[in-house]
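Can you read through this structure? Questions will come right after.
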Amino acid sequence: PEAITVQELANRMAEKGADLVKALFNMGMMVTVNQSIDADTAELLVEEFGHNLQRVSESDVDIDASVDVDPEETLQSRPPVVTIMGHVDHGKTSLLDALRGTDVVKGEAGGITQHIGAYQITTKDKQKLTFLDTPGHAAFTQMRARGANVTDIVVLVVAADDGIMPQTIEAIHHTKAAGVPMIVAITKSDKPEANPQKIRERLLEHEVIVEDMSGDVQDVEVSAKTGAGLDELIEKILLQAELMDLKARYDRDAEATVIEAKLDKGRGPVATVLVTRGTLKRGDTFVVGTESGRVRALVDDKGKQVKDAGPSVPVEVLGLGGVPQAGDVLTVVENEQRAREVAEYRQQQATAKRTATVAPNLEAMFAGLK
Ligand code: GTP
Ligand code: MG
């Protein structure tokens with residue numbers, strides 16, 4: 001039996017993960033975007049959405065539309081990818097910093113920690129968790145819109161001394177639409193004016209029912225200031241991750257999603273990617289969005305050069321031909337010629353798509369002139 005996650009399949013078909021979840025629900029299956037489905041179910045879905053089933057090896061150039069699934073027996077568990085969301089000033093960055101402080105594999109003393117928008121921590125019992133540091137949730141929305149949601153679990157941050165605010169509600173909507181499980185972290189619980197119970201009650205109005213209110217959403221009171229609740233939060237994330245049975249194949253050519261990308265003065269185009277399957281190695285040839293390149297260096301979240309990066313590992317990639325976009329998928333291909341071919345093909349596709357979306361508007365304009 002072969003397996004693919006709903007999100008991976010959605011990415012390959014360029015459909016929304018939530019739409020696949022809906023279709024599966026109509027087929028009588030309750031799954032989230034991060035769960036795996038077998039090849040038969042995948043095939044049904046592919047047909048349902050009117051796509052052709054193509055294997056990478058047989059496909060011409062369009063590796064995007066191909067459905068290439070890893071056999072179940074090749075899959076191994078991978079760390080959960082956790083995104084922290086919430087209203088401005090509710091303590092997202094502070095919580096991320098505090099969580100990072102619990103990492104037992106800290107960078108060398110005195111070393112400069114690089115901010116790459118994503119990092120991984122290792123707990124005392126050697127469990128790994130990847131956190132995405134998306135300031136605000138513009139990035140999350142953008143990635144979701146592109147069908148490249150890499151988030152397994154959302155931690156919704158709500159300040160105990162404030163309440164449910166517009167961006168809290170937005171975050172709830174995004175999370176639900178993406179079909180991602182949520183854990184509520186009630187932050188700033190150390191403050192004298194903190195009222196966590198009020199938060200739990202208010203969340204009901206937005207159909208977020210925490211365990212205390214006899215729902216099934218986990219919640220935990222935390223303080224980035226005192227460190228209270230951090231271990232409990234990590235435990236709850238790991239418990240949720242265990243339920244999801246997150247897996248990926250390690251020993252294959254890598255696929256990764258761009259978290260952020262920029263043009264660095266000294267280093268040229270740099271992309272922070274999160275590996276979704278396989279192992280990305282120095283020297284690999286790849287295509288990412290409409291760009292191609294060859295991995296010149298990989299830099300981890302501690303600013304250290306590494307030789308490779310496996311599933312759920314965030315790394316900076318150097319050696320790109322240009323700056324890709326957040327949400328773009330990086331795929332390792334066999335050689336540079338193929339990388340250029342695919343990049344070119346995608347550029348044509350992108351141009352064709354732009355023309356196609358312009359056409360109806362022109363039609364509408366002319367219709368008005370008749
Ligand atoms: P934006 O990125 O601007 O949306 O804010 P944020 O959600 O990242 O909040 P940030 O972590 O910057 O914290 C906002 C303010 O709240 C800062 O002044 C923090 O010191 C304070 N703060 C955050 N967490 C705690 C906490 O647990 N306890 C207390 N007392 N203050 C906190
Ligand atoms: Mg912040």
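Between ILE4 and residues 5 or more places away or on another chain, which pairs have amide H atoms under 5 Å apart, with H built 1.01 Å from N, and which residues are they?
Amide H to amide H, under 5 Å and 5 or more residues apart or across chains, ILE4 pairs with ILE37.
Assuming R0 = 22 Å, can you tell me the calculated FRET efficiency for the pair ASP97 and GLU193, based on Cβ-Cβ distance, to the nearest 0.05?
Values: r = 23 Å, r/R0 = 1.03.
So the FRET efficiency works out to roughly 0.45.
Straight-line reach from LYS265: which aspartates and glutamates fall under 20 Å, measuring Cα to Cα and dropping same-chain residues less than 8 apart?
Hits, sequence-local ones excluded: GLU291, ASP300, ASP301, GLU316.
State which entries of LYS22/LYS92; LYS124/LYS225; LYS124/LYS262; LYS16/LYS281; LYS128/LYS236; LYS262/LYS304 exceed 23 angstrom in Cα-Cα distance in the structure shown.
Numbers: LYS22/LYS92 31 Å; LYS124/LYS225 21 Å; LYS124/LYS262 34 Å; LYS16/LYS281 29 Å; LYS128/LYS236 13 Å; LYS262/LYS304 19 Å.
Flagged as over cut-off: LYS22/LYS92; LYS124/LYS262; LYS16/LYS281.
May I ask you to derive the FRET efficiency for ASN26 and GLU242 from their Cβ-Cβ distance with R0 = 30 Å, giving the value to the nearest 0.05?
0.60
Would you work out the relative contact order for region 295-352, in percent, from Cα pairs under 8 angstrom that are 6 or more residues apart?
Working: 35 pairs, mean separation 15.1, N = 58.
This gives 26 percent for region 295-352.
For a Förster distance of 41 Å, can you work out the FRET efficiency between the beta-carbons of LYS262 and HIS173, rounded to the nearest 0.05?
On the way: r = 29 Å, r/R0 = 0.70.
That gives a FRET efficiency of 0.90.
Another question about this same structure. Based only on other Cβ atoms within 10 Å, what is the fewest-to-most ordering of SER77, SER94?
Working: SER77 13, SER94 17.
Result, fewest neighbours first: SER77, SER94.
For region 223-333, report the % of Cα-Cα distances exceeding 17 Å. Working shown, then result.
Details: 3423 of 6105 pairs.
Percent of Cα pairs beyond 17 Å in region 223-333: 56.
Another question, if that's okay. Which order results if THR123, THR83 are arranged by neighbouring Cβ count within 10 Å, fewest first? Working shown, then result.
Numbers: THR123 16, THR83 28.
By the 10 Å Cβ count, ascending: THR123, THR83.
Through the Karplus equation 6.51 cos²θ - 1.76 cosθ + 1.60, θ set to phi - 60°, convert the phi angles of region 318-326 into ³J(HN,Hα) values in whole Hz; use x for Gly and Pro.
10, x, 8, x, x, 8, x, 9, 4
What is the extension gain from GLU48 to ALA297, computed as 0.36 nm multiplied by their sequence separation minus the C-alpha to C-alpha distance, in nm to one decimal?
On the way: separation 249, 0.36 × 249 = 89.64 nm, distance 4.12 nm.
The span from GLU48 to ALA297 would gain 85.5 nm if fully extended.
Read-outs: derived from the displayed coordinates by stated rules, not from any lab. All of these numbers come straight from a predicted model, not from anything done at the bench. Note that we place each Cβ from the backbone using ideal geometry, even for glycine, and neighbour counts take in every protein chain shown.
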